[in-house]
1. Sort the stretch 190-229 into rounded, prolate or oblate with this rule: let a ≥ b ≥ c be the square roots of the eigenvalues of the Cα gyration tensor; rounded if a/c is under 1.5, and if a/c is not under 1.5, prolate when a/b is larger than b/c, oblate otherwise.
2. Taking one equal scatterer on every alpha-carbon of the stretch 1-81, how large is log10 of I(q)/I(0) by Debye at q = 0.20, 0.21, 0.25 1/Å?
3. Restricting to DSSP H runs of at least four residues, report the calculated mean residue ellipticity at 222 nm for the chain, -39500 (n - 2.57) per run over all residues, nearest 500 deg cm²/dmol.
4. May I have the extent of the alpha carbons of the chain along their three principal axes, as whole Å values ordered from largest to smallest?
5. Under 10 °C and 1.306 mPa s, how fast does the stretch 129-234 diffuse according to Stokes-Einstein, given a Kirkwood radius computed over C-alpha pairs? Answer in µm²/s, whole number.
6. Over the chain, what is the relative contact order in whole percent, taking alpha-carbon pairs under 8 Å and six or more residues apart?
7. Can you tell me the length gained on complete extension of the stretch residue 212 to residue 88, counting 0.36 nm per residue apart and subtracting the Cα distance?
Ligand code: URA
């Protein structure tokens with residue numbers, strides 16, 4: 001893999017940032033400064049340092065999981081299977097799910113060991129969009145969409161932040177986009193208008209969109225551009 005690509009995959013920065021770092025002499029290969037972004041990294045043998053830090057010890061991993069119902073969004077649990085039980089990867093130590101989906105919720109879950117990215121995606125200050133597909137036990141109206149846009153009382157101190165509701169055919173299904181992550185938020189928002197969520201699936205989080213070719217329970221590493229885009233949201 002090219003050096004610039006490798007450093008981006010390691011979470012050092014965007015492709016263009018990384019090229020700058022290389023040109024400025026911040027990267028050493030086997031103890032020598034190397035200013036060639038096109039250098040082909042020997043991942044098994046090269047010792048790569050960024051600003052004096054050996055990257056072998058600070059690798060970041062990013063996986064997209066299509067969470068099935070029935071799994072807890074946790075690292076470990078004494079009674080239930082967790083989303084980490086679905087991952088057969090090395091190394092697994094240090095990986096955790098970014099945010100929580102309810103046990104019965106399906107869809108996009110990012111699993112990583114990058115605490116900074118996770119913090120930024122979950123920070124209430126960042127208002128990262130989360131889009132869900134939802135099925136309900138009753139029908140939605142245009143007024144419900146307007147109501148959600150104004151914010152909903154779900155029993156917290158404040159109304160929810162504006163949410164976008166895109167009502168689908170039959171009016172008992174919709175896409176909802178929220179920018180917060182309160183406990184059971186989507187279910188509580190629909191509950192507040194007298195409806196029960198019968199099925200919930202997360203479709204996207206920020207720039208990251210569920211890869212629909214992933215079967216339920218399947219996962220894959222994020223692509224370089226998916227990682228880069230998520231970091232650009234910072
Ligand atoms: N809102 C919910 O109610 N449940 C989820 O799993 C995610 C968002």
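1. Details: a/c = 5.24, a/b = 2.02, b/c = 2.59.
Oblate is the answer for the stretch 190-229, as a/c is 1.5 or above yet b/c matches or exceeds a/b.
2. -0.80, -0.87, -1.21
3. -5500 deg cm²/dmol
4. Largest first, the chain extends 66, 37, 33 Å along its Cα principal axes.
5. Working: Rh = 14.9 Å.
Translational diffusion coefficient: 106 µm²/s.
6. Values: 433 pairs, mean separation 48.6, N = 234.
That works out to 21 percent.
7. Values: separation 124, 0.36 × 124 = 44.64 nm, distance 2.02 nm.
Full extension of this stretch gives 42.6 nm more.
None of the figures in this text is laboratory data; all of them are computed from the coordinates on show. Note that this is a predicted model, so its numbers are computed, not measured.
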